[in-house]
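Below: one structure, written as structure tokens.
The values are calculated or read from the model by the stated rules, or taken from the named source; none is laboratory data. What you see is a predicted model; the values in this text were computed from it and never measured. Cβ atoms come from the backbone with ideal geometry, glycine included; neighbour counts cover every protein chain shown. Surface accessibility is based on the protein's heavy atoms, side chains included, excluding ligands, DNA and RNA. Shrake-Rupley method; radii C 1.70, N 1.55, O 1.52, S 1.80 Å.
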Amino acid sequence: MTFEEALYFELSSIPELNGNIYPIHAIEGEEGPFMTYYKDDVNYPINLNGPSNIVEGTYVLDILHPSYKEVQTLFKLVKDKIISFLGRQIGQNGPLIQMLSINNVRDLYEAELDYNRLNFNIQVKYKEV
């Protein structure tokens with residue numbers, strides 16, 4: 001299971017997101033809340049011993065909901081779930097998470113959709129299986 005598949009699997013266990021978790025962008029016409037994610041930067045370190053199965057990546061996540069208060073509540077649920085990744089294999093036989101951080105948390109407003117959006121990055125270091 002890839003990191004993205006495992007991330008989707010784990011976030012899908014949050015009932016308040018109603019399964020509305022999408023890579024890159026949400027399906028047009030769907031009702032919120034939504035969560036989107038995409039890979040921003042991934043590195044495969046290679047040292048003198050050659051390639052390793054360690055991956056370092058940055059992923060961008062967005063939570064969208066008409067209510068600012070609900071966006072904040074959803075962020076807490078998502079943040080707690082992501083923090084639970086540390087030191088364990090995520091998904092079903094997915095990568096082992098060795099390091100993570102949550103960065104650049106910011107509140108935004110999408111006027112076209114009349115939705116509040118919370119945008120943040122996660123940086124992870126994981127061992128591919």
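For Leu61, the conditions (1) at pLDDT below 95; (2) among the hydrophobic types (A, V, I, L, M, F, W, C); (3) assigned to a strand (DSSP E or B) are fulfilled apart from (1). There is at least one residue in region 84-93 that is in contact with a helix residue (DSSP H, G or I) (Cβ under 9 Å, 6 or more places away or on another chain), assigned to a strand (DSSP E or B) and surrounded by 12 or more Cβ atoms within 10 Å (Cβ to Cβ).
Could you list, in sequence order, the residues of region 39-81 that are under 18 Å from Ala6 (Cβ atoms), in contact with a helix residue (DSSP H, G or I) (Cβ under 8 Å, 6 or more places away or on another chain) and touching a residue at least 40 places away in the same chain (Cβ under 8 Å)? Within region 39-81, Val55, Gly57, Tyr59, Leu61, Leu77, Val78, Lys81 qualify.
Restricting Pro51, Pro45 to residues that are modelled with pLDDT under 95, open to solvent by less than 70 Å² (accessible area, probe 1.4 Å), of a type outside the set (Gly, Ala, Ser) and more than 23 Å from Val105 (Cα to Cα) narrows the list to Pro45.
In region 4-27, the residue that is nearest to Leu100 (Cα to Cα) out of those that are aliphatic (A, V, I, L, M) and in a helix (DSSP H, G or I) is Leu7.
With the condition kept exactly as written, say whether any residue in region 68-82 is surrounded by 15 or more Cβ atoms within 10 Å (Cβ to Cβ), over 17 Å from Glu10 (Cβ atoms) and under 14 Å from the mean Cα position of the chain (by Cα). No: region 68-82 contains no residue that is surrounded by 15 or more Cβ atoms within 10 Å (Cβ to Cβ), over 17 Å from Glu10 (Cβ atoms) and under 14 Å from the mean Cα position of the chain (by Cα).
Residues in region 104-129 that are open to solvent by less than 70 Å² (accessible area, probe 1.4 Å) and either without any contact (Cβ under 8 Å) to a residue 24 or more places away in the chain or β-branched (Val, Ile, Thr) (or both): Leu108, Ile122, Val124.
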